[in-house]
Amino acid sequence: MKIIADTDRCVGAGQCVLTEPALFDQSEDDATIIVLNETPEGELIEKAREAVHVCPSQALSLEE
Amino acid sequence: MTTAEKHEFPMARTCPFAPPPAYEEIREGEPVSRVRLPDGGWAWVVSRHEDVRTVLNDRRFSADRQHPDFPALVKGEAASRRPDEERMLIAMDAPEHGPARKAVLGEFTVRRLEALRPRIQEIVDGQIDALLGGPRPGDLVDSLSLPVPSLVICEMLGVPYADHEFFQEHTVKVIKQSTPPEERWAAMVAIQGYMADLIAEKEKNPPDDLLGRQIVKLRADGTYRRTALAGMGLLLLVAGHETTANMISLSTVAFLRNPEQLAMIKADPGKTLNAVEEMLRYFTIIDVATARLCVEDMEVGGQLIRAGEGVLTLGYSANRDPRAFENPDELDIERGARHHVAFGFGPHQCLGQNLARMELQIVFDTLFGRVPTLEPAMDVDELPFKDDANIYGLYQLPVTW
Ligand code: HEM
Ligand code: SF4
């Protein structure tokens with residue numbers, strides 16, 4: 001599974017970082033998303049799904 | 001086409017813990033329907049979770065609150081609009097909105113806010129000391145709910161806290177539904193003038209606070225304008241102040257009424273953040289205020305909405321939609337409530353949300369930890385709830401311990 005992030009859509013709300021700091025970070029400059037690990041495994045897969053679910057701008061998607 | 005408007009909006013809450021009963025009727029009967037507005041005009045209400053998210057995350061719905069056709073929630077408000085004035089962030093649309101938001105967003109990253117945690121803890125402890133050292137019963141709103149967010153945002157921005165009474169007085173005028181439009185505008189102008197003077201002072205030798213750093217950064221980008229920064233400073237000050245305060249007061253009441261839920265966060269503070277999400281969902285203090293103006297025809301929930309028509313997204317109905325939350329009327333801090341829309345959704349979703357989360361988390365852990373015998377000093381039914389404001393909350397919360 002791969003995490004796809006659309007940085008143009010991202011509104012920098014940080015919901016993904018709150019969900020799983022091991023997968024996501026925010027740019028210091030404008031808070032847009034940085035994916036730390038694009039191919040999560042194990043428990044992190046559930047976290048990636050949750051992040052997709054809560055992201056307020058539908059900037060995240062998963063390629064199964 | 002749908003028939004005449006059955007309901008008038010905004011609708012007052014009759015119970016502090018539940019949306020107006022008509023919300024359910026609308027959501028389950030005619031989920032996108034026409035309602036009458038105070039000025040005599042009409043707008044669509046959108047009531048289901050999925051549809052609310054759709055509207056708030058689509059460019060065909062504008063947030064331009066100065067536009068003459070934007071739905072007016074307060075009688076006479078439309079007449080006081082200034083379409084030629086510069087928009088604040090909250091009223092901007094793409095492509096202007098994104099860059100303006102991103103310019104300040106770096107100050108609100110999760111990591112940046114984490115660094116503020118010890119200082120926020122100190123502020124909360126200081127206010128609880130003051131409450132405990134004061135008369136019993138004491139007013140939680142005055143001693144804790146209002147000063148905490150106010151001290152925190154003043155310190156972040158670099159606004160002297162000594163001036164907070166000035167802000168308090170004027171923001172109340174801006175928020176109350178009963179404030180005459182001219183007075184509301186005057187209050188905004190007064191706060192904006194203060195902010196512009198403060199920023200002019202900071203321009204001379206930009207200090208290491210949010211406003212100072214913005215001056216440096218925007219100057220380097222070649223986009224610095226004092227009025228624009230004053231608007232941003234003002235918005236941050238006003239937007240984060242009453243909102244967080246109301247959430248502190250209302251959640252405290254809800255925790256005290258639901259001791260089994262309170263016991264859970266006391267036993268395991270790892271649950272507090274979830275409880276905060278649930279409180280946000282449960283009260284949805286900002287409801288109809290996330291209105292929009294349709295600027296291009298679009299179908300929502302099977303209903304065609306046309307350009308020029310106003311839309312009220314009912315966040316409180318969305319947050320009680322059984323399609324999105326099981327047993328939605330139950331307060332359950334263990335449910336996963338994070339997909340609520342209490343902070344809105346889409347590009348305008350609350351910029352201060354992670355600051356608010358942290359403040360609420362620290363307040364609840366500290367308050368109930370340090371004052372285990374806390375209880376309301378008044379019947380819940382008699383508490384002065386803000387039935388006349390666009391942001392729901394409490395004017396006072398007498399407590400004893
Ligand atoms: C529990 C407390 C809070 C609640 C319930 C809340 C709620 C909201 C909501 C619903 C919106 C969206 C408005 C819309 O879509 O039209 C919003 C936007 C905003 N909020 Fe908050 N807020 C809270 C705390 C804060 C804090 C602490 C700050 C700042 C320090 C803040 C700053 C803002 C700003 C600047 C916007 C506009 C964002 C934009 O237009 O891009 N809020 N808030
Ligand atoms: S949750 Fe979505 S909008 Fe927010 S920072 Fe992550 S990707 Fe961006």
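Return a yes/no flag: does segment B:63-82 have any residue that is assigned to a strand (DSSP E or B) and either more than 22 Å from B:Val300 (Cα to Cα) or of a type in the set (A, V, I, L, M, F, W, C) (or both). No, that holds for no residue. Here the condition is being under 18 Å from B:Tyr23 (Cβ atoms), within 10 Å of ligand 1 (Cβ to nearest atom), of a type outside the set (A, V, I, L, M, F, W, C) and open to solvent by 10 Å² or more (accessible area, probe 1.4 Å); of B:Thr313, B:Thr290, it holds for B:Thr290 alone. For B:Asp329, the criteria (1) within 16 Å of ligand 1 (Cβ to nearest atom); (2) outside any helix (DSSP H, G or I); (3) at pLDDT 95 or above hold in every case but one, which is (1). The test for being touching a residue at least 60 places away in the same chain (Cβ under 8 Å) and either touching a Cys at 6+ places or on another chain (Cβ under 8 Å) or farther than 25 Å from B:Lys173 by Cα (or both) does not hold for B:Asp287.
Could you check segment A:33-64 and list, in sequence order, the residues that are near ligand 2 (Cβ under 8 Å from one of its atoms) and in contact with a strand residue (DSSP E or B) (Cβ under 7 Å, 6 or more places away or on another chain)? Selection gives A:Ile33, A:Ala51, A:Ala59, A:Leu60. Regarding segment B:213-224, can at least one residue be identified that is in contact with a Lys or Arg (Cβ under 7 Å, 6 or more places away or on another chain) and in a helix (DSSP H, G or I)? Scanning segment B:213-224, I find at least one residue that is in contact with a Lys or Arg (Cβ under 7 Å, 6 or more places away or on another chain) and in a helix (DSSP H, G or I), so the answer is yes. Within 21 Å of B:Ser33 (Cβ to Cβ), free of Cβ contacts under 8 Å to residues at least 60 places away in the same chain and of a type in the set (A, V, I, L, M), is that true of B:Leu304? It is true that B:Leu304 is within 21 Å of B:Ser33 (Cβ to Cβ), free of Cβ contacts under 8 Å to residues at least 60 places away in the same chain and of a type in the set (A, V, I, L, M). Restricted to segment A:51-64, and to residues there that are open to solvent by 70 Å² or more (accessible area, probe 1.4 Å) and within 22 Å of B:His340 (Cβ to Cβ), the residue that is nearest to ligand 1 (Cβ to nearest atom) is A:Gln58. Please go through segment B:258-287 and pick out each residue that is crowded, with 17+ Cβ neighbours inside 10 Å and assigned to a loop (DSSP other than H, G, I, E, B). Once the filter is applied, which keeps residues that are crowded, with 17+ Cβ neighbours inside 10 Å and assigned to a loop (DSSP other than H, G, I, E, B), segment B:258-287 yields B:Thr284, B:Ile285, B:Asp287. Scanning segment A:43-64 for residues that are within 10 Å of chain B (Cβ to nearest Cβ) and of a type in the set (S, T, N, Q) gives A:Ser57, A:Gln58.
Scanning segment B:132-154 for residues that are free of Cβ contacts under 8 Å to residues at least 40 places away in the same chain and assigned to a helix (DSSP H, G or I) yields B:Gly133, B:Ser143, B:Pro147, B:Leu151.
Given the condition in contact (Cβ under 8 Å) with a residue 24 or more places away in the chain and in a loop (DSSP other than H, G, I, E, B), answer yes or no: does some residue in segment B:182-205 qualify? No, the conditions are met nowhere in segment B:182-205. Looking only at segment B:43-52, decide whether some residue is surrounded by fewer than 20 Cβ atoms within 10 Å (Cβ to Cβ), within 14 Å of chain A (Cβ to nearest Cβ) and either in a loop (DSSP other than H, G, I, E, B) or not aromatic (Phe, Trp, Tyr) (or both). Within segment B:43-52, one or more residues are surrounded by fewer than 20 Cβ atoms within 10 Å (Cβ to Cβ), within 14 Å of chain A (Cβ to nearest Cβ) and either in a loop (DSSP other than H, G, I, E, B) or not aromatic (Phe, Trp, Tyr) (or both). Of the residues that make up segment B:335-344, is at least one at positive phi and surrounded by fewer than 18 Cβ atoms within 10 Å (Cβ to Cβ)? For segment B:335-344, residues at positive phi and surrounded by fewer than 18 Cβ atoms within 10 Å (Cβ to Cβ): absent.
Any residue that is within 13 Å of ligand 1 (Cβ to nearest atom), more than 13 Å from chain A (Cβ to nearest Cβ), part of a loop (DSSP other than H, G, I, E, B) and not small (Gly, Ala, Ser) - is there at least one of those in segment B:340-354? The answer is no, given that none of the residues of segment B:340-354 is within 13 Å of ligand 1 (Cβ to nearest atom), more than 13 Å from chain A (Cβ to nearest Cβ), part of a loop (DSSP other than H, G, I, E, B) and not small (Gly, Ala, Ser).
Only residues that are surrounded by fewer than 17 Cβ atoms within 10 Å (Cβ to Cβ) and within 16 Å of ligand 2 (Cβ to nearest atom): list them for segment B:79-97, please. Listed by number, the list holds a single entry, B:Ala94. Of all residues in segment A:23-42, those that are facing another protein chain (nearest Cβ under 7 Å) and surrounded by fewer than 16 Cβ atoms within 10 Å (Cβ to Cβ) total 2. The set of residues from segment A:7-22 being surrounded by 14 or more Cβ atoms within 10 Å (Cβ to Cβ), within 10 Å of ligand 2 (Cβ to nearest atom), more than 7 Å from chain B (Cβ to nearest Cβ) and in a loop (DSSP other than H, G, I, E, B) comprises A:Arg9, A:Cys10.
The values are calculated or read from the model by the stated rules, or taken from the named source; none is laboratory data. Please read all numbers here as calculations on a predicted model, not as lab measurements. Using ideal geometry, Cβ is built from the backbone for each residue, glycine included, and neighbour counts are taken over all protein chains shown. Please note that ligands, DNA and RNA were not included when accessible areas were found on the heavy atoms of the full protein model with its side chains. Shrake-Rupley method; radii C 1.70, N 1.55, O 1.52, S 1.80 Å.
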